[in-house]
Each structure stands twice: as C-alpha cells, then as structure tokens.
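Below is one structure, written out as structure tokens; the observations come after it.
The values are calculated or read from the model by the stated rules, or taken from the named source; none is laboratory data. Remember, predicted model here, so these are calculated numbers, not experimental data. Every residue, glycine among them, receives a Cβ derived from its backbone with ideal geometry; neighbour counts consider all protein chains shown. Remember, those area values only see protein heavy atoms, side chains included, never the ligands or the DNA or RNA. Shrake-Rupley method; radii C 1.70, N 1.55, O 1.52, S 1.80 Å.
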Amino acid sequence: GAVVSQHPSWVICKSGTSVKIECRSLDFQATTMFWYRQFPKQSLMLMATSNEGSKATYEQGVEKDKFLINHASLTLSTLTVTSAHPEDSSFYICSASYWGRGDTQYFGPGTRLTVL
Amino acid sequence: TQLLEQSPQFLSIQEGENLTVYCNSSSVFSSLQWYRQEPGEGPVLLVTVVTGGEVKKLKRLTFQFGDARKDSSLHITAAQPGDTGLYLCAGGRNNRLAFGKGNQVVVIP
C-alpha cells in the first residue's frame with residue numbers, strides 16, 4: 001500500500017518552455033503532498049508543501065511564480081516549472097502523507113528534468 | 001547547517017559482514033524515518049520509529065531510535081549485495097521531514 005506515482009519519469013525541454021509534472025497517490029487519499037528537489041549526490045531539498053484545495057506553502061528561496069503547484073484533489077498534485085532554464089535541470093520528487101500516519105511520507109519515483 | 005548528520009558518509013564492506021550507520025541531531029523529533037534510495041529513483045520507506053528507545057527489525061535490518069529522540073542507528077546483519085544503496089534518515093516534526101545527506105553503503109560480493 002501507499003503507492004505514489006509521478007509522470008513523466010523524465011523530460012527534456014528547451015529553455016524558455018514550461019513543464020508540468022504530475023504526482024498521484026494511487027491507493028490512498030493524501031492529506032498533504034510535498035515537492036522536493038535533489039541535486040547529484042545531495043540530499044532532498046523541500047521546495048513546497050501543499051494541501052488539497054489550498055495554496056501551497058513554499059520554502060524560503062523557492063520562487064512561487066516559477067514553480068507553480070496545484071493540488072486539485074486528494075490524489076493529485078502538479079508542479080509546473082515555468083520558463084525553464086538549464087539551472088532548473090534536476091531530479092524532482094514528490095511525496096504524500098495521509099491521516100493517521102504522522103510525519104511519514106511516501107515518495108514517488110521522481111522526474112528527471114533536463115533543460116537544454 | 002545540516003539538521004541531521006549521517007555517518008559514515010560512505011561505507012564499503014564484504015558480503016556477510018555486519019555494519020552500523022548513524023543518524024545524529026541536536027534536535028528532538030516526533031518520529032524518525034529511514035529510507036533507501038537507488039540511483040535515479042525516489043526514496044523507499046524502510047521504517048518509522050516514534051518512541052524513544054524503540055527498536056524495530058526488518059529481516060536483517062535493525063533500527064533504533066535514541067532515548068531522547070535525537071538520534072538513530074541502522075544495523076545490518078550479514079550484509080548482502082542487495083543491501084547496496086543510499087540510506088537516508090529523516091526526522092519528522094510538525095508534519096515535515098528534515099533529511100540527512102545519507103549513508104552510501106556498498107556491499108562487495
């Protein structure tokens with residue numbers, strides 16, 4: 001149980017274009033979804049936290065106008081990287097938690113974004 | 001400043017040997033999660049510990065949460081090549097996780 005999927009698993013785009021990444025909880029309703037970014041040989045860096053139907057809470061230093069998060073339902077959150085640039089190339093991972101499981105988060109398989 | 005320090009950062013051992021890695025902090029957490037991450041994949045949850053002094057076993061893996069809920073250890077008995085991976089600890093507080101940088105474990109056949 002507690003399976004989280006992400007789509008796409010990898011994407012290559014041109015500089016200046018926007019990319020949308022989907023995160024779905026497949027067998028549970030997520031109370032909260034999280035978006036992380038991970039650079040090579042680095043740990044996970046939290047970008048934002050989102051709850052269904054409300055605005056996302058962004059971490060300090062994360063541009064909310066660049067990384068748009070929509071949490072439309074209890075099983076779906078999307079991250080849109082707007083006007084992507086090569087420095088946005090990274091591994092983006094989402095996670096989800098649900099009621100009664102405390103702080104435990106279940107992670108998706110990640111999306112590798114490469115901006116040319 | 002890293003909230004959680006994991007040591008050693010890198011560990012290489014022979015198949016069949018035992019190993020212990022550590023996750024330390026000066027902060028108190030309401031829970032402590034251990035994940036394993038393979039290259040190019042998301043972290044996979046191994047265990048959650050919530051009570052100070054708690055010990056949990058998952059086959060050959062033994063996890064312990066420190067009495068003061070500030071630190072944790074992961075012990076692997078008779079390591080196998082399939083245990084190779086990056087082990088991440090994450091402290092939970094207020095519905096958020098703070099991650100360490102990980103313990104990279106390599107088990108040589």
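The table below lists the values:
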{"read-out": "Single residue of region A:60-116 satisfying the filter (out of contact with any Asp or Glu (no Cβ under 8 Å at 6 or more places or on another chain) and among the β-branched types (Val, Ile, Thr)) that is farthest from the other protein chains (Cβ to nearest Cβ)", "value": "A:THR80"}
{"read-out": "Verdict on B:LEU32 being within 11 Å of chain A (Cβ to nearest Cβ) and within 25 Å of A:SER90 (Cα to Cα)", "value": "no"}
{"read-out": "Filtered residues of region B:54-109 (kept if within 10 Å of chain A (Cβ to nearest Cβ) and open to solvent by 10 Å² or more (accessible area, probe 1.4 Å))", "value": "B:LEU86, B:ARG93, B:ASN94, B:ASN95, B:ARG96, B:LEU97, B:ALA98, B:PHE99, B:LYS101, B:GLN104"}
{"read-out": "Strands (runs of 3 or more DSSP E) contained in region B:1-82 and holding at least 1 residues of a type in the set (Gly, Ala, Ser)", "value": "B:5-7, B:10-14, B:31-37, B:71-76"}
{"read-out": "Output for region A:38-52, where each listed residue is in contact with a strand residue (DSSP E or B) (Cβ under 7 Å, 6 or more places away or on another chain), in a loop (DSSP other than H, G, I, E, B) and not hydroxyl-bearing (Ser, Thr, Tyr)", "value": "A:PHE39, A:GLU52"}
{"read-out": "Qualifying residue in region A:85-96 (condition: farther than 21 Å from B:GLU38 by Cβ, in a strand (DSSP E or B) and touching a residue at least 12 places away in the same chain (Cβ under 8 Å))", "value": "no"}
{"read-out": "Members of region A:35-84 found to be charged (D, E, K, R) and touching a residue at least 12 places away in the same chain (Cβ under 8 Å), listed by number", "value": "A:ARG37, A:GLU52, A:GLU59, A:LYS64, A:ASP65, A:LYS66"}
{"read-out": "Yes/no for A:LYS14 being farther than 20 Å from B:VAL47 by Cα, within 12 Å of chain B (Cβ to nearest Cβ) and either out of contact with any Asp or Glu (no Cβ under 6 Å at 6 or more places or on another chain) or open to solvent by 20 Å² or more (accessible area, probe 1.4 Å) (or both)", "value": "no"}
{"read-out": "Looking only at region B:27-52, and only at residues there that are under 13 Å from B:ASP67 (Cα atoms) and among the small types (Gly, Ala, Ser), the one that is least open to solvent (accessible area, probe 1.4 Å)", "value": "B:SER31"}
